[in-house]
């Protein structure tokens, strides 16, 4: 069931928020000159950044917020620090245009373990310390996506074996969040949209990852956003209709950057599955006017009933300038409000 106390067509974010400029500078400084900052200094900076991210989102009028992933490195790279059995590999390319081949890579030298978990429970506690009341969701990277940066070496035969080793780790993280009181979790699995082969195996992975998790579960599948660049062919066609059998309550999908191409695919989903539809483009610095967001949303509602629809950006705002992220979020909220007014008037 949908989380309680949400309006019709709620507006939210995918996960990350734009880092304040001072915070990005602080992180660079703390990484290169760690002796300059004590643990209290670091904690104060993180909490201040989380407060700002929440304030930006609440001020924009969003109905559900995150901590902006201020406590992470990108949306998933920091999680490898929690995994034992990995050895960092040197970067293959340092110069030139930014792209996915510059992301961190690891070699597996022993069976993967995460005795301390993945750290999201501590993130949630900081979020709630900053804001005890606003509805929130917690994004967690999925096992297939986490496996994408790891070479199995002599330990795991291929990416599927790596994924299966990560499934219980992610499942335990989701369960711990739900047990702590998180009612909305988001499984980030963009890699499935970029590697859509073997759908039955994919569905088995999702079922095992979400097994016995007592929370509303959304699954985010975009086409990559590392340094505001996609990584795969930008089409969901090969995921349908079997994606409708995934053991999740909601799919969060990217449509704005593709001018709502393939929006008709949503009609193939079962009527028990909700959809968070990306209606603003995080890779574009142009701010969509609310009227355009509303027009896009009206097209969505020709395919799905409003009760099953949420509005989001295409992906996280971590690669977007902060003032642009704020403006896009406000436009998204206002566009959803315009359509809700239409519905109330019976138009």
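Every listed requirement among (1) surrounded by fewer than 24 Cβ atoms within 10 Å (Cβ to Cβ); (2) modelled with pLDDT of 95 or more is met by residue 127 save one, (1).
With respect to residue 339, is the statement that it is modelled with pLDDT of 95 or more, crowded, with 18+ Cβ neighbours inside 10 Å and in a helix (DSSP H, G or I) true? Taking the combined requirement at face value, the residue satisfies it. I need the full set of residues from the range 25-71 which are in a helix (DSSP H, G or I), within 17 Å of residue 119 (Cα to Cα) and touching a strand residue (DSSP E or B) at 6+ places or on another chain (Cβ under 8 Å), in order please. Passing the criteria: only 50.
Against the numbered list (1) at pLDDT 95 or above; (2) within 30 Å of residue 322 (Cβ to Cβ); (3) in contact with a strand residue (DSSP E or B) (Cβ under 7 Å, 6 or more places away or on another chain), residue 145 comes up short only at (1). Take the conditions (1) touching a strand residue (DSSP E or B) at 6+ places or on another chain (Cβ under 6 Å); (2) at positive phi; residue 210 misses just one of them, which is (2). Among the residues examined, residue 233 qualifies as without any contact (Cβ under 8 Å) to a residue 40 or more places away in the chain and in a loop (DSSP other than H, G, I, E, B).
The strands (runs of 3 or more DSSP E) located wholly in the range 249-334 that include 3 or more residues which are touching a helix residue (DSSP H, G or I) at 6+ places or on another chain (Cβ under 7 Å) and touching a residue at least 12 places away in the same chain (Cβ under 8 Å) occupy 274-280, 309-313. Take residue 28 and decide whether it is modelled with pLDDT under 95 and under 21 Å from the mean Cα position of the chain (by Cα). The answer is no for residue 28.
Among the residues making up the range 132-142, those that are assigned to a loop (DSSP other than H, G, I, E, B) and either touching a strand residue (DSSP E or B) at 6+ places or on another chain (Cβ under 6 Å) or surrounded by 19 or more Cβ atoms within 10 Å (Cβ to Cβ) (or both) are 134, 135, 137, 142. Checking every residue in the range 293-310 against the condition of being crowded, with 19+ Cβ neighbours inside 10 Å, within 29 Å of residue 24 (Cα to Cα) and at pLDDT 95 or above gives zero matches.
Against the conditions (1) within 27 Å of residue 171 (Cβ to Cβ); (2) surrounded by 15 or more Cβ atoms within 10 Å (Cβ to Cβ); (3) within 18 Å of the chain's Cα centre (by Cα), residue 63 satisfies every one except (1).
Checking the structure you have, find out if any residue of the range 205-224 is more than 29 Å from residue 127 (Cβ to Cβ) and either in a helix (DSSP H, G or I) or in contact (Cβ under 8 Å) with a residue 60 or more places away in the chain (or both). Checked against the condition, which is being more than 29 Å from residue 127 (Cβ to Cβ) and either in a helix (DSSP H, G or I) or in contact (Cβ under 8 Å) with a residue 60 or more places away in the chain (or both), the range 205-224 yields no hits at all.
Confirm whether residue 156 is free of Cβ contacts under 8 Å to residues at least 60 places away in the same chain and part of a strand (DSSP E or B). Spell out the reasoning first.
Working: free of Cβ contacts under 8 Å to residues at least 60 places away in the same chain: yes; part of a strand (DSSP E or B): no.
The answer is no for residue 156.
The values are calculated or read from the model by the stated rules, or taken from the named source; none is laboratory data. Everything numeric here is computed off the predicted structure, so don't read it as measured data. Virtual Cβ from ideal backbone geometry, glycine too; neighbours counted across all protein chains shown.
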